[in-house]
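The values are calculated or read from the model by the stated rules, or taken from the named source; none is laboratory data. Computed from a prediction, not measured in an experiment: that's the story for all the values here. Only protein heavy atoms, including side chains, enter the accessible area calculation; ligands, DNA and RNA are left aside. Shrake-Rupley method; radii C 1.70, N 1.55, O 1.52, S 1.80 Å.
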Amino acid sequence: MNQENLPRHIGIIMDGNGRWAKLRNLPRSAGHKIGAKVFRNIVTYCNQIGIQYLTVYAFSTENWKRPKEEVQALMQLFRDYLLETETYLEQKIQVRFIGDLSGLDEELQQLIAQCETSCQDFDGMHLNIALNYGGRDEIVHAMRRVVQDVQDGKLDPSALDEQAISDRLYTYGQPDVDLIIRPSGEYRLSNFLIWQSAYAECVFMDQVLWPDFNEKQMDKALKEYARRNRRFGGV
Ligand code: FPP
């Protein structure tokens, strides 16, 4: 793959775990467990091939509506990853959790804070894990900050521009997403990075569910991205 045509920032909606499990008469949590392994493989691969930013949609603000056992199983997978420090420490990736973290349990919040602190001086890929994340919710949080900064005299309302909003999102300091990948045949963004994806290319893959996603599928999506002609509103 030509390094020049690689997206700087990739977003992935890791969809299809439940269907993968159902096809095998397994509980939905079994699909998430395999999905978490695939997540690790894809993070390693993206880091190896030189992707600079990767954001994965791990748990949305709407996912709390799922059965209690499924939510618990997912939280356990996040905890397992956070406890497995050697994985992200060895790879020197810079992990950031994006979302309303105050809605997570105390232990998870502490593990997240420890993880982010231990990764902050690394120079590998930036990995954002979206947890209790919603794109609209992120914009609401950014707006609260804008209002606060105006009230505190730190921001003049006439200076409010797109950059000022980007600077207050969970992804502050990072480039907009270039490519969004969604396996499993669903053709929507589902409230994922809605501000940052204004000019993103979307690659929807209907032949694969997330637990079957692998490096080859990633290459396929990257080739499709490289073929696209991005004009950003120009000609
Ligand atoms: C959507 O598939 C997937 C999720 C809501 C969970 C994604 C989480 C993981 C893959 C675990 C990641 C682990 C770490 C450590 C970040 P779905 O359940 O909606 O699938 P369905 O549409 O087939 O029901």
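Could you list which residues have their amide H under 5 Å from that of residue 205, counting only those 5 or more apart in sequence or on another chain, with H placed in the peptide plane?
It is 182, 184, 185, by chain and number.
Classify the stretch 96-235 from the C-alpha gyration tensor, please: rounded if a/c falls under 1.5, else prolate or oblate depending on whether a/b exceeds b/c.
It comes out oblate by the Cα gyration axes.
To the nearest 500 deg cm²/dmol, what mean residue ellipticity at 222 nm is calculated for the chain from DSSP H runs of n ≥ 4 alone, each contributing -39,500 (n - 2.57), summed and divided by the residues?
Helix-only estimate at 222 nm: -13500 deg cm²/dmol.
For the stretch 85-99, just list the computed ³J(HN,Hα) in residue order, Karplus coefficients 6.51, -1.76 and 1.60, θ = phi - 60°, integers in Hz, with x standing in for Gly and Pro.
4, 4, 4, 7, 5, 4, 7, 6, 7, 9, 8, 10, 9, 10, x
Please report, as a whole percent, how much of the solvent-accessible surface of the stretch 40-103 comes from carbon and sulfur atoms (probe radius 1.4 Å).
Answer for the stretch 40-103: carbon and sulfur cover 50 percent of the accessible area.
Per 0.36 nm of contour for each residue apart, how much would the distance between residue 68 and residue 107 grow if the chain were fully extended, relative to their Cα-Cα spacing?
So the extension gain works out to 12.2 nm.
Let me know the shape class of the stretch 94-145, please: from the alpha-carbon gyration tensor, a ≥ b ≥ c as square roots of the eigenvalues, rounded when a/c is under 1.5, otherwise prolate if a/b is greater than b/c, or oblate.
It comes out oblate by the Cα gyration axes.
Long-range amide H contacts for residue 98: which residues qualify at under 5 Å (H placed 1.01 Å from N, peptide plane, sequence gap of 5 or more or a different chain)?
The list, which skips near neighbours in sequence, is 129, 130, 131.
Which of these, 82, 160, 108, has the largest mean-square fluctuation under a Gaussian network model of the chain (Cα springs below 10 Å)?
160
Counting only protein heavy atoms and using a 1.4 Å probe, what share of the accessible area of the stretch 104-220 belongs to carbon plus sulfur, as a whole percent?
Accessible surface attributable to carbon and sulfur in the stretch 104-220 totals 46 percent.
Assuming a ≥ b ≥ c are the square roots of the Cα gyration tensor eigenvalues, decide whether the stretch 67-161 counts as rounded (a/c under 1.5), prolate (otherwise, with a/b larger than b/c) or oblate.
Cα axes put the stretch 67-161 in the oblate bin.
How much accessible area per residue does the chain have, counting only protein heavy atoms and a probe of 1.4 Å, in square angstrom?
That works out to 53 Å² per residue.
GNM, the chain, Cα, under 10 Å: largest mean-square fluctuation among 185, 135, 173?
173
Given N residues in the chain, what is its alpha carbon radius of gyration divided by 2.2 N^0.38 Å?
1.03
Among the listed pairs 68/92; 22/68; 65/220; 22/223, which are separated by more than 25 Å between their Cα atoms?
Too far apart for the 25 Å limit: 68/92; 65/220; 22/223.
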